[in-house]
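Nothing in this text is a laboratory measurement; each read-out follows from the coordinates by a stated rule. Since the model is a prediction, treat every value here as computed from it, not as a measurement. A quick note on method: Cβ atoms are made from the backbone with ideal geometry, for glycine too, and the neighbour counts reach across all protein chains shown.
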Amino acid sequence: MTLDDLLDRNRQWADARRARDPEFFSRLARGQRPRLLWIGCSDSRVPAEEILGCGPGDLFVHRNVANIVAYNDINIASVVQYATVNLGIADIVVCGHYGCGGIRAACAETLPDGYLGDWLNIAGWAKRTVDQALAREGRSVAGEEYHQRVVEENVRLQIEHLSHLGLIRRQRAERPDSLRLHGWVYDISTGLVKIVAPGDT
């Protein structure tokens, strides 16, 4: 597929939308009122709107490798601020997914070189948490089951990071019921979402 093919698809999509609903784009142009903020992985197989059956204007979306919430990342902090303060969004979802290449790399003996390794080092805490839990249980888990545990733990870890951001702490102190943080994992093999951290986190 070439870029010209994609531009052709864009024109076909826009034409089809206008044919079904002539006012669709003029409504979108007047502003947005998304239902939730989605913090997800950049993986091309995990498009938030498609997974949730939503359309343009329904979700406010931030994506990065392995759906990480880093304390020193002004990009994600700005997204969270705009979503919660300017758009009044009350629900924030951190959604990971099984089969995540970023988490697989974070679980490897050696992290990738460069920025990617630095970034995935954050997810390494999830791996250590899983390893410690398995050691306490006296169990050994490998392969896909191990990877899935780390994916789920990484979501919980990023929810914890999110809850510690100064902006989130202030908003919750001023309005205790104003924000709900949700941890989800998407299963690419089934198309279904699993809750791994409830919305009262």
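Helix 143-164 versus the longest principal axis of the chain: what angle, 0 to 90°, nearest 10, using Cα atoms?
The helix 143-164 is inclined about 70 degrees to the chain.
Please determine, in degrees from 0 to 90 and to the nearest 10, the orientation of helix 3-20 with respect to the longest principal axis defined by the Cα atoms of the chain, where the helix direction is its Cα long axis.
For helix 3-20, the angle is close to 60 degrees.
Any chance you could list P(r) for the stretch 36-121, counting all Cα-Cα pairs in 10 angstrom bins from zero, rounded to whole %?
In whole percents, the pair-distance histogram is 17, 45, 29, 9, 0.
Can you list residues from other chains, or at least 5 along the same chain, whose modelled amide H is less than 5 Å from the amide H of Arg35?
Leu59, Phe60
With a 10 Å Cβ neighbour count serving as the proxy for reagent exposure, in which order, fewest first, do Lys127, Lys194 appear?
Listing Lys127, Lys194 from fewest to most nearby Cβ atoms yields Lys194, Lys127.
Per-residue ellipticity at 222 nm for the chain, helices alone: DSSP H runs ≥ 4 residues times -39500 (n - 2.57), over residue total, nearest 500 deg cm²/dmol?
Numbers: 9 runs with 95 residues, N = 201.
The helix-only estimate for the chain comes to -14000 deg cm²/dmol at 222 nm.
Whose amide H sits under 5 Å from the amide H of Gly40, counting only residues 5 or more places off or on another chain, with H placed in the peptide plane?
His62, Arg63, Asn64, Cys95
State, as an integer percentage, the relative contact order of the chain based on alpha-carbon contacts under 8 Å between residues 6 or more apart. Let's see the in-between values first.
Numbers: 276 pairs, mean separation 41.2, N = 201.
Reported relative contact order: 21 percent.
Under a Cβ-only charge scheme (Lys and Arg +1, Asp and Glu -1), can you give me the dipole magnitude of the chain about the Cα centre, in debye to the nearest 20?
About 620 debye.
Label 7 Å along Cα→Cβ of Ala70; the stretch 18-51 residues with amide nitrogen under 13 Å?
none
Using mean Cβ contacts within 10 Å as the protection proxy, how do 145-156, 16-27, 66-77 order, highest first?
Highest-to-lowest ranking by the protection proxy: 145-156, 66-77, 16-27.
Once both labels are modelled 7 Å past Cα along the beta-carbon direction, what's the Thr2-Glu174 spacing in nm?
Result: 5.3 nm between the two label points.
Calculate the translational D of the chain in whole µm² s⁻¹ from Stokes-Einstein, where the hydrodynamic radius comes from the Kirkwood formula applied to all Cα pairs, the temperature is 10 °C and the viscosity 1.306 mPa s.
For the chosen part, D equals 86 µm²/s.
Taking 0.36 nm per residue of sequence separation and subtracting the Cα-Cα distance, how much length would be gained by fully extending the chain between Asn86 and Arg30, in nm to one decimal?
Numbers: separation 56, 0.36 × 56 = 20.16 nm, distance 1.52 nm.
Stretched out fully, the Asn86 to Arg30 stretch lengthens by 18.6 nm.
Give me the Kirkwood hydrodynamic radius of the stretch 102-201 in Å, from all C-alpha pairs, to one decimal place?
Numbers: mean 1/r = 0.0662 Å⁻¹.
That comes to 15.1 Å for the stretch 102-201.
In sequence order, what are the phi-derived ³J(HN,Hα) couplings for the stretch 64-77 according to the Karplus relation 6.51 cos²θ - 1.76 cosθ + 1.60 with θ = phi - 60°, rounded to whole Hz, with x for glycine and proline?
8, 5, 6, 6, 9, 10, 9, 4, 9, 9, 5, 4, 5, 4
Using +1 at the Cβ of each Lys and Arg and -1 at the Cβ of each Asp and Glu in the chain, identify which of Val94, Asn10, Cys107 lies farthest towards the dipole's positive end.
Looking along the dipole axis, the top candidate is Val94.
In whole Hz and in residue order, list the ³J(HN,Hα) couplings for the stretch 193-198 that follow from phi through the Karplus curve 6.51 cos²θ - 1.76 cosθ + 1.60, θ = phi - 60°; x for Gly and Pro.
In residue order, the calculated couplings are 9, 10, 7, 10, 8, x Hz.
Quick one: compute the contact order of the stretch 94-201, relative version, from alpha carbon pairs under 8 angstrom and 6+ residues apart, as a percent.
On the way: 128 pairs, mean separation 34.6, N = 108.
Rounded, it is 32 percent for the stretch 94-201.
Run the numbers for Asn10 and Tyr115: contour at 0.36 nm per residue of separation, minus the present Cα-Cα distance, in nm.
On the way: separation 105, 0.36 × 105 = 37.80 nm, distance 3.28 nm.
Length difference between fully extended and current span is 34.5 nm.
Would you calculate the separation in nanometres between label points at Ser163 and Leu134, each defined as 7 Å from the Cα along the Cα-to-beta-carbon direction?
2.5 nm
How large is ³J(HN,Hα) for each residue in the stretch 27-36, as worked out from phi by the Karplus curve 6.51 cos²θ - 1.76 cosθ + 1.60 (θ = phi - 60°), to whole Hz, x for Gly and Pro?
Ordered by residue, 3J(HN,Hα) equals 5, 4, 5, 7, x, 10, 9, x, 6, 8 Hz.
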